[in-house]
Every structure is written in structure tokens, then in C-alpha cells.
Amino acid sequence: MPLSSLGPRVLLRRLREVMARPETAQKKLDTIVTLIASNMVAEVCSLYVMRPGQLLELYATEGLKREAVHKSKLRVGEGLVGTIAAEAQLLNLADAQSHPAFKYLPETGEEIYHSFLGVPILRGGVTIGVLVVQNRTSRLYSEDEEEALQTTAMVLAEVIASGELEEVALAVAADVAHVRSHHLRGNNLAEGIALGHVVLHEPRIVITNLIAESIPLEKQRLEQAVESLQENVETLITHAEGLRGAEHVDILESFKMFAHDRGWLRRMREAIDTGLTAEGAVERVQNDNRARMLRIDDPYLRDRLNDLDDLAYRLLRILTGQVGTAAQGNLPKDTILVARSMGPAELLDYDRQKLRGLILEEAGATSHVAIVARALGIPAVGRVQGVVDIVDTGDPIIVDGQSGDVHVRPPPSIEQAYAEKVRFYARRQAQYAALRNVPARTLDGVSISLSINAGLLVDMPHLHDSGADGIGLYRTELQFMMAASFPRLSVQIKHYSAVLEASNGKPVVFRTLDIGADKYLPYLRPIKEDNPAMGWRAIRMSLERRALLELQVRALLRAAAGRELRLMFPMVAEFSEFKAAKEVVERSMAALKARGYELPTSVKLGTMIEVPALLWQLDGLLREVDFVSIGSNDLMQFLFASDRGHARLQGRYDTLHPGVLSLIREVAMKAQAHGVPLNLCGEMAGRPIEALALIGVGLKSISMTPAAIGPVKSMILALDLQKFRNFLDPLLARPEPTLRPHIERFAADNGIPL
Ligand code: PEP
Ligand code: MG
């Protein structure tokens, strides 16, 4: 039996007319099933809707007994209808009754029908109902008929969920992922706890027009949108290649593959042929894709389908013109931002007064958006898989930046527990604040200098709030990364002057540009690299692009006129690199002097110690530098040959490895012998147990994220350093992967808060 000559397009138009009528929901559904049956020349058309308890209830029918409506129910997985719902896949059968899953429901009188075509009604990949047509004769339905019924099911899904059939929507809502509570886990990026409401960084797209007026026009719109999408992806790849993590480029490469995937494009074109608009077609194909995604266990394939889902979103954005982020909209006063990924500059676009927390599907602890979140003092959690798909704007949500927990639509018990936790956290913060002016001195009288790491002007108030001694590391590249073009001399001078002004006489160590690896400048043409972390970055780039370094050095010298300037070079692997950088500074000073500019009262030059090769050049280096600072983030990754941003390697090697601690002890001894101040400014300095170990091996100065100053200082105030050294020294020779448990035990036995 062929598809009616009226075809699905006419059906869609009729459906739209029915939806516009001022009738009850039930009446509309009754009319819709009749319309579908007559359009598809089927003797039966039935609609089943998911009810609470995973039950599919017969909601409307043409052809089956009317008395069965609202009485016949099937569990998910039960009968043919339940099977379609469970697998989110269509069933096309010439003889339904011979299918093993067939279940006879006497009240419906369906035994006389043989052929059966059923499709899931999907919303966000979740089954919210099943639509069925049946005929007496035994035959398989054609592909066109399958297409037509799937398209109709999609329009029905929109109608059900858009609230036009409110009572049905409510019944559906009770079971879908979007109303349940969820507990998710990620990596903690920035300290703190926040309770608030979800704001999606990229607001969900609202499609208002699913039914096409003109098929050729919709095809043209799709072609144009796909072209722009392909261009966008190319641009993203050119920017990412070479200067960002390999993982990121991989994702983009798979984007590119999908953006040119003929199967995907063909399926969207076919969906338009059934009478959908271009955006309707994208969504239709995206729905199928989502349903597949929910049923796939293989993590690799799931990731690829996830990429495709992301790409479909981008395409919808282009088609609907809904670009821009939530930063431009109205924000609730307790905004918790949720996004797949985000750049540091985008985060700064939000109103700080309203921002309470951040949750990302991507981003690791050393990513730059994490660094900005810490600077803003908002709790943040990264690598929270799937969060974007299960939240809606306005949902209550909790982000725990200590444990990495995220609670979506938490039940009252969790909310109360967290409200208590927030009060506890606030009390702790108050205790730390009370230590603000207390010197960081151990019980046996050893003073430890605590500084903060910074990189933005928003960091500066923390210098005073935390009571830190100064800024041990000012990452100048952050300002460059946030600019749209290379900051001119005057802009740089203004920025560094503002930093020095705000530091109010406390020392600031500026680090020259550390670009490369995961930090890239959008306006600098990237080069292709296989190993960007070990590539053309930091001082290597600065010495080759000498004009950039000279410009920055001149800006720093001028900003520090009449004051002290401390300047440090990143990723120095060789003594000669320091010498070359030093020459740039000396030449710049001479040039400024010749032109009559006032110079800093003193200029102190140092290097980071983050490349292992430098460890065997210490004697020569320490004779020349004014200070050194260990960059343990990079040093660890190079010592263990273990990528610091690699998700699978997180936690594999411990910073409290006896080998690492012995090495740091040796550096500390050498620096002391040469009378050169030594600092450590990697992330480990901000964790009390690691700070304890560092002080134990001889560090007198450490630099950390501002929120860590309080906890680290409390640890120091309870420490008998000599006693700890006596305990730690013999352990350093042990062949163990970490001394963490030993140090924890010492702290517990001696009442040291960690
Ligand atoms: C480090 O490597 O430890 C460091 C402080 O520098 P960055 O994290 O900016 O690479
Ligand atoms: Mg580094």
C-alpha cells in the first residue's frame, strides 16, 4: 500500500493547523492520530505517552478500541511498543504477531492487524512516547513511510514538550533526565562552595519553526549554513594547531571530519524532503544521533557521537542566528555558569557581582579558564561529563570546588547539608582572615615568606586581603591572551603600572611572556607542532621574536620607573638563554636612559627552574642571577615525562615522590650556599601537605593561589620544623612512589591542620 499522495509535507501543515485550534489537549491528540492514519492510509494510528514509573500509556488511537485509551499500559521493554521505547529505535514488521516481543492486549482488539510500524518519540535523545501505525494486510512499510512517521513523531515531540499539551508534558516530564536530581563528579579547579541557579553559557537554541514553507529554500539555507560551519571549523583548527594541546586538535579534526561527512549531510537533506525546515532537519538527525549515543558503551564512539552533537548545535546556531553567550543577558544574582568549554576572556565578560560558580565539561586544573576562576575567587569544577545535556537554565545546582562534586537539582537533604557546609566554610574563611596580619612563622621560630600568583588586575585585591608578602609570580601572558590584538607599548605600560600601584610597595615578580603549550595568542599565527609543551614556547619564542620581548621589557622598565623591578624568564633550559635575555634588558635600559627616561631604582633578574637540564647548570646560573623560582608544574611534567594536562595521567606520579623532594632539597641547599633567594610557584605550593614537605626540604619562600594562603599559614603556625625535618630526612632515601601517607601521619600525630 503506497504512501498517500498527500505526502508528509501536507500532513505537517495539517498538524500545524490542528495545534493552533483552541481545543483541549485530548481533542487535539484524537484529531492528530486520525489525520496521520488517513494520510498514511493506515487502519490504525496510536499514540503512547511515557508516564511516571516508565509506563507507556495509550493516549489516543484511531482504529483500536476507544475504551482502551488511558487504560492500556505497557512497561518500557514490554511488548513491541515497550521495545521501541527501550531501544529508541523503530520497528517495521510485516507480521507483528510473530515477533517474539508481541504482547496481546485484549482490550484493544488489535489481533486483526498484521503489519506494524512504530517509531520512538524522542526529546533530547530520551524516549517520551511511541507512535504506531498498523494495517490488516501483511507487508513491510517503505523507507518513505518510515521517514514520514519519524518526522511526524518529531513534530509531536516538540508539541508535547512545548507545553501546548501541558498535561501530557507534565506526565512526560516526570521521567526524563531533565527533572531528576543528579550527582556528578569532576576535577576541582578552584576552591569554594556555591549554591545557585544554572545559567547556560551558550543558551539552548529555541526552534520555533519546524515545518517548511518551501523545500528548495530550506535546502539552500542548509547548504549555506553547512558552508559557514565548515569555514568556522577550519578557522578553529588553524588557531589551535601547534599552540594548544594535542587533545584539543584531535577534537577539532573529528569536527572537521563530521562537517564534511556526506552521510550526515545526506540525512539532513532527506529530512527536509519530508517537509521540515533546515533547523527541523538538523534537530531530527541530532535526535537519532542522541538516541544512539545513549545506547553506546564504547567510550571512543560515544565521544565521536558527542562531537557530532556539538557540531549540530553549532549548525543550529548559524541557522537560527542565535549567537552570543549568556553574558549579554539577564543573570540571576546567584549565577552558576555551565558550559562545555570556555576561554578565559569569555569568563571575564560576566558580571562578577552575580557570578557564584563555574562548571565545565572540559578544562583541567592548569587550564587558563581555571586560573581566571581562581583569580575571580569563584568555585569551579572541570571535566564534568554530560552536565550540559541534563541541566536547564534556572535549575538549582551546587558546585563544590573542594571535592569536585556537582549536584544538579539537589534533593532537600543535600541542599541542607551544603548550606551547613557553606556556613562551615565561611567560618573557616573568617578564621583565615583573622590570620591575615599574623607572620607565617613556625613554632620553632622559622619565618616563611608566602606570596600569591597573579596575572590579571582582578587578582590584585587578593594581595592585601590574604596578607601575602608579595606576588611571587605575575603571569604576564594572561593579559596578552585576553587581548584582541598584540597589546601596544602604551597599553602594556599602563597595565604594569596599575599592578605596581596596586601592590603598594610589596614586591612583584613579573614573568616575561610564557606563550606556547596550552597558552596561545589568537592574533599570532600558530605553527604546527607535535609536542607543543616541549616546543617553540616561552623564552625560546621570545628570543627569536626579539622585538616582542624588547617591547615587553621596555614597558616593564618604564612602568617601574623610580621603583624596584623584578623580572623572571620562563622555561630557561640553558644558561646562555638567560644571558641572552639579560642582554635584552641591559640594552633596553641603555636605550631608555639615552632617551632620558627615568629607570627603575634597581632591576633584579631571575629564571624559572622548570626544565630539568637547568638542574645541572645551577652553580653557573646561581652566580649570575638575583633569584630563582621553581616552576613545579612544568618541572614535574618533564621529570616524569608525563603531560600535565593529560586526563589519564592525572595523579599518576606524586609531587611527594622522595626523588622529587630530594631534588628540591638539593636546589635549596645550592641556592642557600650561593645566597640566592629561592621560591617555588607551582600549584603544589598551595596545598598544605605539599607546602609542608617543601618547607621540610628547605624552602623558605613559596607562592600560590590567593585562597591557599590561609590554609598554608595555619599549617605553618602549628609546625615544629626541626622535628619534622628529623622525621622527613631519613624517608627521602626510601624507594617509594610517594611519602604522602608518612607526612599525613606526622601531621595528624602533631596536630598540624592540612
Ligand atoms: C610552573 O610551571 O610551575 C609555573 C608556575 O608556570 P606555568 O604554570 O604558568 O607554566
Ligand atoms: Mg611553567
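The values are calculated or read from the model by the stated rules, or taken from the named source; none is laboratory data. Because the structure is a prediction, the values reported are computed rather than measured. Neighbour counts run over all protein chains shown; Cβ positions are idealised from the backbone, glycine included. Each accessible area value is taken on the protein alone, full model and side chains, heavy atoms only, with ligands, DNA and RNA left out. Shrake-Rupley method; radii C 1.70, N 1.55, O 1.52, S 1.80 Å.
Of the residues making up the stretch 18-52, those that are open to solvent by 20 Å² or more (accessible area, probe 1.4 Å) and within 42 Å of the chain's Cα centre (by Cα) are Met19, Ala20, Arg51, Pro52.
Does the stretch 53-62 contain at least one residue that is outside any strand (DSSP E or B), in contact with an Asp or Glu (Cβ under 9 Å, 6 or more places away or on another chain) and either of a type in the set (A, V, I, L, M, F, W, C) or crowded, with 24+ Cβ neighbours inside 10 Å (or both)?
Checking the stretch 53-62: not a single residue is outside any strand (DSSP E or B), in contact with an Asp or Glu (Cβ under 9 Å, 6 or more places away or on another chain) and either of a type in the set (A, V, I, L, M, F, W, C) or crowded, with 24+ Cβ neighbours inside 10 Å (or both).
Does Glu346 qualify as being open to solvent by 30 Å² or more (accessible area, probe 1.4 Å), outside any loop (DSSP other than H, G, I, E, B), modelled with pLDDT under 90 and away from ligand 1 (no atom under 16 Å from the Cβ)? Yes, satisfied. When Gly472 is tested against (1) under 30 Å from Thr235 (Cβ atoms); (2) open to solvent by less than 50 Å² (accessible area, probe 1.4 Å), just one condition goes unmet, and that condition is (1).
For the stretch 444-463, filtered to residues that are in a loop (DSSP other than H, G, I, E, B) and in contact (Cβ under 8 Å) with a residue 40 or more places away in the chain, the residue that is most open to solvent (accessible area, probe 1.4 Å) is Asp444. Of all the criteria given as (1) within 16 Å of ligand 2 (Cβ to nearest atom); (2) farther than 25 Å from Glu577 by Cβ, the one not satisfied by Pro658 is (1). The residue that is farthest from the chain's Cα centre (by Cα), counting only those in the stretch 625-641 that are within 14 Å of ligand 2 (Cβ to nearest atom) and open to solvent by 20 Å² or more (accessible area, probe 1.4 Å), is Leu639.
The residue list Gly467, Gly505 contains one member that is of a type in the set (Gly, Ala, Ser), over 22 Å from Ala581 (Cα atoms) and without any contact (Cβ under 8 Å) to a residue 40 or more places away in the chain, which is Gly505.
Condition first: of a type in the set (Asp, Glu) and within 25 Å of Arg180 (Cβ to Cβ). Can you find one or more residues in the stretch 127-148 that meet it? For the stretch 127-148, residues of a type in the set (Asp, Glu) and within 25 Å of Arg180 (Cβ to Cβ): absent. Here is a check on your reading of the model: is Arg566 out of contact with any helix residue (DSSP H, G or I) (no Cβ under 7 Å at 6 or more places or on another chain), within 16 Å of ligand 1 (Cβ to nearest atom), open to solvent by 60 Å² or more (accessible area, probe 1.4 Å) and in a strand (DSSP E or B)? For Arg566, the condition - out of contact with any helix residue (DSSP H, G or I) (no Cβ under 7 Å at 6 or more places or on another chain), within 16 Å of ligand 1 (Cβ to nearest atom), open to solvent by 60 Å² or more (accessible area, probe 1.4 Å) and in a strand (DSSP E or B) - is met. Of all residues in the stretch 531-551, those that are closer than 16 Å to Phe575 by Cα and touching a residue at least 24 places away in the same chain (Cβ under 8 Å) have Cβ atoms under 7 Å from Cβ atoms of residues that are among the aromatic types (Phe, Trp, Tyr) and buried (at least 16 other Cβ atoms within 10 Å of the Cβ), 6 or more apart or on another chain, in Ile539/Phe569. Among the residues of the stretch 596-611, not a single one is open to solvent by 20 Å² or more (accessible area, probe 1.4 Å), out of contact with any strand residue (DSSP E or B) (no Cβ under 9 Å at 6 or more places or on another chain), within 15 Å of ligand 1 (Cβ to nearest atom) and not aliphatic (A, V, I, L, M).
Per the listing Thr83, Thr137, the residue uniquely at pLDDT 90 or above, open to solvent by 10 Å² or more (accessible area, probe 1.4 Å), touching a strand residue (DSSP E or B) at 6+ places or on another chain (Cβ under 9 Å) and part of a helix (DSSP H, G or I) is Thr83. Within the stretch 527-558, being within 16 Å of ligand 1 (Cβ to nearest atom) and of a type in the set (A, V, I, L, M, F, W, C) holds for Ala533, Met534, Trp536, Ala538, Ile539, Met541. Return yes or no: is Arg558 under 30 Å from Ala484 (Cβ atoms), open to solvent by 20 Å² or more (accessible area, probe 1.4 Å) and in contact with a strand residue (DSSP E or B) (Cβ under 7 Å, 6 or more places away or on another chain)? Taking the combined requirement at face value, the residue does not satisfy it.
Based on what the data block shows, is Leu622 buried (at least 16 other Cβ atoms within 10 Å of the Cβ), within 16 Å of ligand 1 (Cβ to nearest atom) and of a type in the set (A, V, I, L, M)? No; evaluated as a whole, the condition is false for this residue.
Looking only at the stretch 445-491, residues that are within 15 Å of ligand 1 (Cβ to nearest atom), hydroxyl-bearing (Ser, Thr, Tyr) and within 29 Å of Ile716 (Cα to Cα) come to 2 in all.
Restricting the first member to the stretch 631-642 and to residues that are at positive phi and modelled with pLDDT of 95 or more, and the second to residues that are within 8 Å of ligand 2 (Cβ to nearest atom) and basic (Lys, Arg), no beta-carbon pair is closer than 9 Å while six or more apart or on different chains. In the stretch 106-125, the qualifying residues are those that are in contact with a Lys or Arg (Cβ under 8 Å, 6 or more places away or on another chain), among the small types (Gly, Ala, Ser) and under 30 Å from Tyr313 (Cβ atoms), and the one that is surrounded by the most Cβ atoms within 10 Å (Cβ to Cβ) is Gly125.
When the stretch 508-520 is filtered for residues that are without any contact (Cβ under 8 Å) to a residue 60 or more places away in the chain and not β-branched (Val, Ile, Thr), the ones remaining, listed by number, are Phe510, Leu513, Asp514. Going by the conditions given, is Ala613 within 16 Å of ligand 2 (Cβ to nearest atom) and under 37 Å from the mean Cα position of the chain (by Cα)? So Ala613 passes the test.
The combined condition, being closer than 19 Å to Gly645 by Cβ and either part of a loop (DSSP other than H, G, I, E, B) or open to solvent by less than 10 Å² (accessible area, probe 1.4 Å) (or both), is fulfilled by Pro526. Restricted to helices (runs of 4 or more DSSP H) entirely inside the stretch 363-443, those with at least 2 residues that are open to solvent by 60 Å² or more (accessible area, probe 1.4 Å), out of contact with any helix residue (DSSP H, G or I) (no Cβ under 7 Å at 6 or more places or on another chain) and of a type outside the set (Phe, Trp, Tyr) are 412-434.
Considering only residues in the stretch 460-499 that are away from ligand 2 (no atom under 16 Å from the Cβ), of a type in the set (D, E, K, R) and touching a Leu at 6+ places or on another chain (Cβ under 9 Å), the one that is modelled with the lowest pLDDT turns out to be Arg488.
Within the stretch 464-486, the residues that satisfy the criterion of being under 28 Å from Leu524 (Cα atoms) and either touching a helix residue (DSSP H, G or I) at 6+ places or on another chain (Cβ under 6 Å) or in a helix (DSSP H, G or I) (or both) are Glu477, Leu478, Gln479, Phe480, Met481, Met482.
If only one of Pro688, Pro711, Pro735 is more than 16 Å from ligand 1 (Cβ to nearest atom) and either without any contact (Cβ under 8 Å) to a residue 40 or more places away in the chain or closer than 21 Å to Glu666 by Cβ (or both), which one is it?
Every option except Pro735 fails the conditions.
For the stretch 464-477, a residue qualifies if it is of a type in the set (A, V, I, L, M) and touching an Asp or Glu at 6+ places or on another chain (Cβ under 9 Å), and exactly one does: Ile471.
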